[in-house]
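The values are calculated or read from the model by the stated rules, or taken from the named source; none is laboratory data. Note that the structure is a prediction, hence the values are computed from the model and not measured. All Cβ positions, even for glycine, are placed from backbone atoms using ideal geometry, and neighbour counts span all protein chains on display.
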Amino acid sequence: MSSELSAYVSDTAPGRGALRPARSWLHSDAPSRSLNGPWRFRLSPTASVAEDFAAEGFDDHGWDSIPVPSHWVLQGDGIYGRPIYTNIQFPFPIDPPHVPDENPTGDYRRHFDIPADWSDAARVVLRFDGVESLFKVWVNGVEIGSASGSRLAHEFDVTSAVRTGDNVVAVRAHQWSAASYVEDQDQWWLPGIFRDVTLITRPAGGIEDVWLRTGFDDGHGHIDPEVTADAAAFPVTLRIPELGIEQVWATAADVAPLDVAGVQPWSAEQPRLYDATVSTAAESIALRVGFRTVEIRRDRFLVNGRRVVFHGVNRHEVHPQRGRVFDEEHARADLARMKRFNVNAIRTSHYPPHPRLLDLADELGFWVVLECDLETHGFDKVDWAGNPSDDPAWRAAYLDRIQRTVERDKNHPSIVIWSLGNEAGTGSNLAAMSAWVHARDAGRPVHYEGDYTGEYTDIYSRMYATVLETEQLGTEGARSTLMNCTPAQSARQRTKPFLLCEYAHAMGNGPGALDQYEALVHEYPRLHGGFVWEWRDHGILTTAPDGTPYYAYGGDFGEVLHDGNFVMDGMLLSNDVPTPSLHEYKAVVQPVRFVFDGDTVAITNLRHSADTSDLRFRWRVEHDGTPVDSGALEVPVVTAGESQRVPLPKIPVSPDAETWLTIDAVLAAGTPWAPEEHVIATAQLDRSIPRPVPAVRLRTGWQPGDGTLTLGIAEFANGSLVRLAGRAATGPRLELFRAPTDNDESPSDGVEESDASIAGVSNADLWRRDGLHRLTTRRISLERTADALRTTDKVSAANSALSVMVESVWSLEDDELELRVEIEPSGGWRTVWPRIGIRFDLPDGTAPVDGAEWFGLGPLESYPDSLRAARTGHFSSTIGDLSVDYARPQETGHRSQLRRLTLASGDTEVLRIVAIPDTHGRRPGFTLSRHTPQQITQAGHPFELPDTTTSHLIIDAAQHGLGSRACGPDVWPEFALRPESRTIRLRITEG
Ligand code: GAL
């Protein structure tokens, strides 16, 4: 590579020739033209190919065609390379600011037409909204400039290069450049022109930029305008017709703040926007204004004077086919989904999204933390030596990035915090960014989690703090020093509002403990909630060798270096399906709280500022899950932060069934994000009359026997079940294993660990060490009476002296088959157990078991530390829908607190099972699946699960919690399953 070229690719400066200062992404009526669409394209393996393609007359007929916007690695089915996924690791040598000569380089060309009437324009500007990672532009063979900052807008003045009629634009984009060192976010590396390219006219006398800063105070709106325009452009007029505003500023000096009476404030709950225009004779800019004041008062973060609690998600811009290419319809549907799941905030991790996303956030209502495009996490590997964040050579690039971020999006009322970036260590360049923001925008605080000691940011922010630590952070006057802080620094941080910019890592099945974090927010006002990591999985749709479609993660494209499925950690699967964790989240953060007390319920409005006049309350009663009565609950309007106590309806209570009262708060009218009747919040009250649990009948007269007998619907051979209700069946077999979740597979960090963990070792490793997935059985005894069979088995694993004694008693009780299983571990088990269950295998026979109906907790899976979305009721599901298609197959499908279960084959009921609570009143859970935990463990992707028609029913006396150890705390001790004795009792009848 020529030294000139290598100097260009490894230049730490943010490119040359782009217009500065950056300005807002405005909706202007000046003529413009989209250059999206097919471009000619050629990919070269290195950066050193001659630049002759940029010449006007270059013959590109042999080139391919590629759509703009797109990522070349997602086009052409692999002919332009493949995506690479790394989390922290740099996929190139750590040799800053240099990158390898193997540097995929995309050359683009297209023609465009400039209409004759554009000749009146003072200037023509070419805007790129996103190109990864470094690009250079030519128009009609004239070099215009270059830029880096992949998810930032760059504008170039091309006035002198364009002409009326046909023109040619050429772009060269390099996958790797110096900028790659500061764009090391945990996501796919996806090169190319992936956002819009637009040609914009700038009329003489037009408006270069406008900023309508707003405030709201005491029922009054406030506008502090900033208009950037030539003196000759004046007069400039601000119009807000709905507010009767028509304000003419004759000269720049006249532009002054305005007080506006009679406005409604903007909030994430009531996103009131007013249409405004700012015009000159030559150009009119349309804006949507929201009035709100953001401030920090002591350790409170307030909007319009009221404390904000962030029920937020980290949102990456990602789609299984388009990658980071924006699709407005999909984004709107995604945001509407967030609203339906009670999400009220978005952190734009870890870069500015497509600018339209902010228009949608203003309109639908979200508190937005807008983050700059910056992460240098890979320097962690070398103890942050050479980290750009503290190197003057990078100062200009850092400042350029934050300026482009703030300037582009400054008009949005939804943005309440600016974030400097993510995981970029610390250093003077970050401090300089913060200083610049403070000087430019006094109306919004600055966030950066990596400023641990609080040198230059306004909010104390952490990621993945444990529940205990979070609680300590909320406590007034706590004396403990904070992570990486001296006592003085700790004291400073404690004067600030606290938020968790990331928590509750939602990888695979999990997280647990959402409710524990939420409870703290209501107890300690310094805690302002946080942002779940993360909204959606980043799977890329591809096909297995046999053509089966699936969602790929790291390693699936043959990357040399990758981080596997760590990119699949969303509450939404890649195909937009909400996982149970999102339902759990919705229930945990619901903005209405119900507290039952005797014959009344206290209803508390937990919202920021909206009252409950948009809600209706309704109730229903179910007897063993069957609806018997329902009605409307009259609730006076509850203002934000207040409660109202109302009487409960008189309801029919059943003498022989469980009686449950459910109250829902639903939308009284449709909104842009949900229809009328959409459920916002739910609570249940158990009104059952206590009923006796059938006692265990003592039995005498046990005799040895050969174990071949029939007891009601059960047939046994050699003491083992062979048929149930005429169908082949085996079991019960002790099952202690679950297909490890991503949290189970993650090593303990040795910090928060219980005595059952070993630092650096995962629970799954401990389970494999103890052989929980390969248990074997030795029958110790087999006895029978006329109507009962008893077996005792010792269950243990190869090369282990640990064991579990399992006594199973099959009997006929009142003509019904009862199975009682006593499970008793030997001494010496040191780990937690994934589950204490018994498994039945139900091979195909003539018609496979393919569905279930049950009375218990549902409708979705639940675990001890994730139970809030589950309600007691009667549910049904196909066997397939009982499992969640996690990107990497793992434990799924557990339904807790089972009372009754019916297994079905098509429309035919096959078996009915009643679960009798144990002597502590504990009820088992169940899992019905086509795969055993051992089979699920073997599969790396759903398509690798074997085709089978055998169904497996596991009845669990207990399951281990979920936690979020894949990145965060382990299962809370209360929900960790210790080896212990358990009893399972089932009554089984033919369907
Ligand atoms: C955080 C990081 C995120 C993501 C997450 C784990 O440290 O900021 O980008 O990597 O961990 O999934």
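Do the conditions hold for SER148, that is, is it surrounded by 22 or more Cβ atoms within 10 Å (Cβ to Cβ) and either away from the ligand (no atom under 16 Å from the Cβ) or not assigned by TED's automatic domain parsing to the domain that holds VAL99 (or both)? It would help to see each step written out before you state the result.
Values: surrounded by 22 or more Cβ atoms within 10 Å (Cβ to Cβ): yes; either away from the ligand (no atom under 16 Å from the Cβ) or not assigned by TED's automatic domain parsing to the domain that holds VAL99 (or both): yes.
Yes: the conditions hold for SER148.
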Among (1) in contact with a Pro (Cβ under 8 Å, 6 or more places away or on another chain); (2) closer than 25 Å to HIS894 by Cα - the single one ALA657 does not satisfy: (1)
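Can you spot a residue in the range 542-551 that is within 16 Å of the ligand (Cβ to nearest atom) and either in contact with a Lys or Arg (Cβ under 9 Å, 6 or more places away or on another chain) or of a type outside the set (Lys, Arg) (or both)?
From the range 542-551, those within 16 Å of the ligand (Cβ to nearest atom) are none; that's our starting set.
Checked against the condition, which is being within 16 Å of the ligand (Cβ to nearest atom) and either in contact with a Lys or Arg (Cβ under 9 Å, 6 or more places away or on another chain) or of a type outside the set (Lys, Arg) (or both), the range 542-551 yields no hits at all.
Given the options TRP384, TRP394, name the one that is over 20 Å from the mean Cα position of the chain (by Cα), among the aromatic types (Phe, Trp, Tyr) and part of a helix (DSSP H, G or I). Don't jump to the end; show me each part of the working.
Numbers: TRP384 fails: part of a helix (DSSP H, G or I).
Sole residue among the options that is over 20 Å from the mean Cα position of the chain (by Cα), among the aromatic types (Phe, Trp, Tyr) and part of a helix (DSSP H, G or I): TRP394.
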Quick check, is ASP515 away from the ligand (no atom under 16 Å from the Cβ), at pLDDT below 95 and among the charged types (D, E, K, R)? no
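Here are some residues: ALA725, ALA759, ALA729, ALA764. Which one is over 16 Å from ARG839 (Cβ atoms) and crowded, with 20+ Cβ neighbours inside 10 Å? Lay out the reasoning, then the answer.
Working: ALA725 fails: crowded, with 20+ Cβ neighbours inside 10 Å; ALA759 fails: crowded, with 20+ Cβ neighbours inside 10 Å; ALA729 fails: over 16 Å from ARG839 (Cβ atoms).
Criteria check complete, one pass: ALA764.
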Long-range neighbours under 9 Å by Cβ, at least six apart or interchain, first residue under 16 Å from VAL368 (Cβ atoms) within the range 446-461, second within 14 Å of the ligand (Cβ to nearest atom) and of a type in the set (Phe, Trp, Tyr): ILE459/TYR448; SER461/TYR448
Restricting attention to the range 426-459, the residues that are buried (at least 21 other Cβ atoms within 10 Å of the Cβ), among the polar types (S, T, N, Q) and out of contact with any strand residue (DSSP E or B) (no Cβ under 7 Å at 6 or more places or on another chain) number exactly 1
Condition test on SER119, is it part of a helix (DSSP H, G or I) and in the same structural domain as LEU35 (by TED's automatic domain parsing)? yes
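Considering ASN422, ASN411, which residue is at pLDDT 95 or above, within 16 Å of the ligand (Cβ to nearest atom) and not in a helix (DSSP H, G or I)? Don't jump to the end; show me each part of the working.
Details: ASN411 fails: within 16 Å of the ligand (Cβ to nearest atom).
Exactly one residue qualifies, and that residue is ASN422.
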Looking at GLU944 and the list (1) crowded, with 20+ Cβ neighbours inside 10 Å; (2) over 18 Å from GLU735 (Cα atoms); (3) under 29 Å from the mean Cα position of the chain (by Cα); (4) not small (Gly, Ala, Ser), which single condition is not satisfied? (1)
Cross-chain or 6+ apart pairs with Cβ under 6 Å, the range 98-125 first and over 21 Å from ASP230 (Cβ atoms), then in a strand (DSSP E or B) and among the aromatic types (Phe, Trp, Tyr): TYR108/TRP39; TYR108/PHE41; ARG110/TRP39
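Here is a check on your reading of the model: is HIS583 closer than 29 Å to LEU302 by Cα and away from the ligand (no atom under 16 Å from the Cβ)?
The answer is yes for HIS583.
Okay, residues lined up against (1) within 16 Å of the ligand (Cβ to nearest atom); (2) of a type in the set (D, E, K, R):
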residue	(1), (2)
GLY386	no, no
ALA397	no, no
ILE415	no, no
THR426	yes, no
ALA435	no, no
ASP441	no, yes
VAL446	no, no
MET463	yes, no
GLN472	no, no
For residues in the range 185-204 being closer than 16 Å to LEU26 by Cα, of a type outside the set (D, E, K, R) and surrounded by fewer than 21 Cβ atoms within 10 Å (Cβ to Cβ), which is nearest to the ligand (Cβ to nearest atom)? THR198
Of all residues in the range 344-360, which are within 16 Å of the ligand (Cβ to nearest atom) and part of a loop (DSSP other than H, G, I, E, B)? THR348, SER349, HIS350, TYR351, PRO352, PRO353
Scanning the range 545-561 for residues that are assigned to a loop (DSSP other than H, G, I, E, B) and buried (at least 21 other Cβ atoms within 10 Å of the Cβ) gives TYR553, GLY554, ASP556
